[in-house]
Amino acid sequence: MAKNVNKGRQGIRGGRFAAKASDVMEEINASIDFDRHLYAQDIVASQAHARMLAETGIISEEDADAISGGLDTILSEIESGAFDFKQELEDIHMNVESRLGELIGDAAGRLHTARSRNDQVATDLRLWVRDALDGLDTASKNLQAALIERADEHSATIMPGFTHLQSAQPVTLGHHLLAYVEMLGRDRGRAVDCRRRLNECPLGAAALAGTSFPIDRDGVARALGFDQPMANSMDAVSDRDFALEYLSLAAILAVHLSRLAEEIVLWCSQQFSYAHMPDAFSTGSSIMPQKRNPDAAELVRGKTGSVIGALTGLLITLKGLPMTYGKDMQEDKVPVFEVSATLNLCLAAMTGMVGGMTFDTERMKADAGAGFATATDLADWLVRELDMPFREAHHVTGKLVTMAEKKGTDLDGLSLDDLQSVDRRITGDVLGILNVDDAANSRSSYGGTAPGNVKKAVAKARKRFLS
Ligand code: ARG
């Protein structure tokens, strides 16, 4: 048995090199510490390859059976924690192949026929990212479900809508939350696009040029759930655009989460006091006993930096690489694995926070009128009822806002005399539309914030995103 281990290792250095690699060389070369995450994909792809080699008569059925059985054993060894990963065997591919040699002897050496680690790793990583995309879709959907629930509950809760973080117009909290449901819907759409484009099989491209063996690339592609084999062997082993697409959509999703996180941080501050974080998602301070910090939201916001960094890092790694494979590409895995773990955690934390937050609806409503937030309603009334051109209405309203400011009141605190002192045509009817409820209710245009719209949008969102 020990003889076979040596054979496996000689497979890489044995024939060509007299001396052993230096320790530093071994360390910089090894990827096993991170690419061990690819074990399941590596094994399933090897089984599909071995089966195809037997079906095309390139290896015997007995050898293929032995290989497949041995790989099953390795899978359970890895999953039970019994597998001994070795740095000197560089990566997951050589670790698995070497162990296969120990388990089944010479037949193991036939597995690498018509294959290279170059097409092998490209295949493994595509399979891994495909699974990661499916996981991301489920996690994003869970967050959408939490947001939709809260939107339904708060379809008529009035809050300030901001532009420039200045009070702009009253909106409903439900409408605000549904905005994030839309963003997440597009994030999920990008994941679907990415999955569709990456779902082609590199296996059979071999080192870079294809192979002289009569392989069946369609069969392997089908067995692994790919739509088809990749059309160009050089492209197959050398591009990592699928990883870049994954990191790009991840970065955009992280930015969406970060913006929501930032809002949660603001809403939970004493100054806003719109929302209250449940104990399960709050932390205390080591020195200030009164503190109740929204750390999870801050961390979602903070981790976005590393997600964006992962995308930038891989873009830079790839930008100067001549065709085809270069060892630089080994660096593609860490950003992908880290981003996946980060996003899963952030999505779960966000789902928990959104589900558990409580809102001070009185406070939000009181704040909604601040800063003359119904000024646009007044201007719209002047246009509608007095047939004023909008620019003139804007001017008249501006004068009234200045007057209210001087008197230290809101717009609905002005008397009819005050209003008529600026324009004689204004009637008492206008006094009824200057409160925040009417302002929100009146915005019933498609996609607008009115509570009735929110109820309909919630029902639609459930159908579009949760069914
Ligand atoms: N560990 C390598 C990687 O992740 C596998 C491919 C090695 N190919 C090679 N020609 N040295 O990229």
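Bear in mind these aren't lab numbers, they're just calculated from the coordinates by the rules spelled out. None of these values were measured; they are calculated from a predicted model. Positions of Cβ are generated from backbone atoms using ideal geometry, with glycine treated the same way; all protein chains shown enter the neighbour counts.
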Legend entry - Amide H within-cut-off set for Phe213, under 5 Å, with H built and near neighbours excluded: none
Legend entry - Rounded, prolate or oblate (a/c below 1.5 giving rounded, otherwise prolate when a/b exceeds b/c) for the stretch 167-248 by Cα gyration tensor: prolate
Inset, instruction - Please label the shape of the stretch 118-169 as rounded, prolate or oblate, based on the square roots a ≥ b ≥ c of the eigenvalues of the alpha-carbon gyration tensor (a/c under 1.5 means rounded; beyond that, a/b larger than b/c means prolate, else oblate). - result: oblate
Legend entry - Computed [θ] at 222 nm, deg cm²/dmol, the chain (DSSP H ≥ 4; -39,500 (n - 2.57); rounded to nearest 500): -20000 deg cm²/dmol
Legend entry - Proxy reagent accessibility, fewest Cβ within 10 Å first, across Met353, Met277: Met277, Met353
Inset, instruction - Starting at the first residue of the stretch 224-235, write each ³J(HN,Hα) from the Karplus equation 6.51 cos²θ - 1.76 cosθ + 1.60 with θ = phi - 60°, in whole Hz, x for Gly and Pro. - result: 9, x, 7, 6, 6, x, 5, 6, 10, 4, 5, 4
Inset, instruction - Mind sorting Ile43, Ile264 by how few other Cβ atoms lie within 10 Å of their own Cβ, fewest first? - result: Ile43, Ile264
Inset, instruction - Grab the beta carbon distance between Met25 and Thr138, set R0 = 41 Å, and tell me the FRET efficiency rounded to 0.05. - result: 0.50
Legend entry - Percentage relative contact order, the stretch 404-454, counting C-alpha pairs under 8 Å, at least six apart: 20 percent
Legend entry - Proximal charge balance of Ala297 [Cβ under 10 Å; K/R count +1, D/E count -1]: -3
Legend entry - Within straight-line cross-link reach of Lys365, lysines at Cα separation under 24 Å, skipping those fewer than 8 residues along the same chain: Lys406, Lys407, Lys455, Lys456
Inset, instruction - Any aspartates and glutamates with Cα under 12 Å of the Lys399 Cα? List them, leaving off those in the same chain fewer than 8 positions away. - result: Asp418, Asp423
Inset, instruction - Once you have the Cα-Cα distance between Asn293 and Thr361, take 0.36 nm times their residue separation minus that, and quote the gain in nm to one decimal. - result: 22.4 nm
Inset, instruction - For helix 241-268, report the angle its Cα long axis makes with the longest principal axis of the Cα atoms of the chain; keep it between 0 and 90° and round to the nearest 10°. - result: 40 degrees
Legend entry - Footprinting exposure proxy for Leu386, Leu38 (fewest neighbouring C-beta atoms within 10 Å first): Leu386, Leu38
Inset, instruction - May I ask you to list the lysines whose Cα is less than 26 Å away from that of Lys303, ignoring any residue fewer than eight positions away on the same chain? - result: Lys141, Lys291, Lys319, Lys333
